Amino acid sequence: MASLDPVWSLVQSAQFRVKLLKISSGLGVSNDRRLRDALQKDDADIARLFKHIVSTDAHKKGVLRLKGESAQHCVDLIQDVLDKGSFQAAEDAGFTLKARRLLVKLSEASDTLPTSLFIRGVSSLDKEATFGGTFGDIYRASFAGQDVALKRIRVFQRDSGRHKIRQRFCREALLWQRLQNPYVLPFTGIDAESFPSFLCMVSPWMRHGTILKHLAENGNANVERRLFEIAQGLAYLHSQNVIHGDLRGSNVLVDDDWHAVLADFGLAVFSDATAATHTSHHGGSVRWMGPELHYPQSCGLENFTRTFASDCYSFAFVCIEVRPSVQKYR
């Protein structure tokens, strides 16, 4: 492996592993101890190789040039490395973030998503969307005996528009799937069966709706508790180097246990300094955006740049939004 180009070695390792697992399954020896030991050793070798790749700009560029089956194998392998927690030591936190960023970039560049994220068996799909937004529609369905929400991204007719929407889908799904916190809406998976030619992100159905609907129907006696939960969710995102980018009342839902959960990560970005968070996509809700997003140059910034601070500004506006007694002073 060492004599080969590291990127090519990574792709070859993924291809060989897929073939090996298929053969071992056919022979009925998937649980053989010797095979498990060999795969565990291979996991360690792959993790070391990948750690080298994400630390080298030339190799990262090589990864981003992968297409087709090679890109799919690489996406699946990176996902597997992250799932197994190969970089969980404190000193490897930086490598974990680089790996997550590289996975998102490769997914966007190659139009591929990890195979393990796809789920099968979504049923009882409503004929009409329950909610509609600027970029997508929400449908109610069932999965594994539970009500779920399917977020179907709207696709433009023009090829350039379709490509950008697909990139947005890949980025949102890959950022969201790593977020696990009581105050963040869980990510269930990706459904490719319910709508021909459309992918859907799947999450648990939140029957209580948004926090705005909840407060309107139940009063604001517990509004401080809900705001605390929103703050906890936002603090968790920031601890994961993720900026929400579109925090507002309609993007906060209430779960079955009456807790506030953050949702809609369509504008979320990584915050690390090595990957500038400025973007050509200036979307978002105008009233919830800080002044530095409206007038970057006037605020000493070169570009439109989402930051932890811009999220905090949005949170402050959510505090005003959900407290009617404060709104008269706006």
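The values are calculated or read from the model by the stated rules, or taken from the named source; none is laboratory data. This structure is a prediction, so every number in the text was calculated from the model and none was measured. All Cβ positions, even for glycine, are placed from backbone atoms using ideal geometry, and neighbour counts span all protein chains on display.
Could you list, in sequence order, all residues of segment 122-143 that are surrounded by fewer than 14 Cβ atoms within 10 Å (Cβ to Cβ) and either in the same structural domain as LYS61 (by TED's automatic domain parsing) or in contact with a Lys or Arg (Cβ under 6 Å, 6 or more places away or on another chain) (or both)? Step through it out loud before you land on a result.
The first filter runs over segment 122-143 and keeps only residues surrounded by fewer than 14 Cβ atoms within 10 Å (Cβ to Cβ), leaving 123-124, 126-128, 130, 132, 134.
Passing the criteria: ASP126, THR130.
How many residues does segment 107-145 hold that are within 22 Å of GLY209 (Cβ to Cβ) and polar (S, T, N, Q)?
4
Write out, first by first residue and then by second, each pair whose Cβ atoms fall under 8 Å of each other, whose residues are 6+ apart or on separate chains, and whose first residue, in segment 22-43, is farther than 21 Å from VAL11 by Cα while the second is surrounded by 10 or more Cβ atoms within 10 Å (Cβ to Cβ).
Pairs that qualify, where the first residue is farther than 21 Å from VAL11 by Cα and the partner is surrounded by 10 or more Cβ atoms within 10 Å (Cβ to Cβ), are VAL29/LEU35; SER30/LEU21; SER30/SER24; ASP32/SER24.
If you go through segment 161-178 one residue at a time, do you hit one that is closer than 20 Å to ASP126 by Cα, crowded, with 21+ Cβ neighbours inside 10 Å and in contact with a strand residue (DSSP E or B) (Cβ under 6 Å, 6 or more places away or on another chain)?
Looking only at segment 161-178, we keep the residues that are closer than 20 Å to ASP126 by Cα, and these are none.
No; the residues of segment 161-178 include none that is closer than 20 Å to ASP126 by Cα, crowded, with 21+ Cβ neighbours inside 10 Å and in contact with a strand residue (DSSP E or B) (Cβ under 6 Å, 6 or more places away or on another chain).
Out of the helices (runs of 4 or more DSSP H) lying entirely within segment 213-330, which hold 1 or more residues that are charged (D, E, K, R), closer than 30 Å to LEU150 by Cβ and modelled with pLDDT of 95 or more? Before the answer, list the steps.
Working: elements: 223-239, 291-294, 308-321, 324-327.
Once the helices (runs of 4 or more DSSP H) in segment 213-330 are filtered for at least 1 residues that are charged (D, E, K, R), closer than 30 Å to LEU150 by Cβ and modelled with pLDDT of 95 or more, what remains is 223-239.
Looking at (1) out of contact with any strand residue (DSSP E or B) (no Cβ under 8 Å at 6 or more places or on another chain); (2) closer than 30 Å to ARG226 by Cα; (3) modelled with pLDDT of 90 or more, which is the one condition that is false for GLY133?
All conditions are met except number (3).
Quick check on this structure: which one of ASP5, ASP32, ASP37 is exposed (fewer than 15 other Cβ atoms within 10 Å of the Cβ) and in contact with a Ser or Thr (Cβ under 9 Å, 6 or more places away or on another chain)?
Values: ASP5 fails: in contact with a Ser or Thr (Cβ under 9 Å, 6 or more places away or on another chain); ASP37 fails: in contact with a Ser or Thr (Cβ under 9 Å, 6 or more places away or on another chain).
ASP32 is the lone residue from the list that is exposed (fewer than 15 other Cβ atoms within 10 Å of the Cβ) and in contact with a Ser or Thr (Cβ under 9 Å, 6 or more places away or on another chain).
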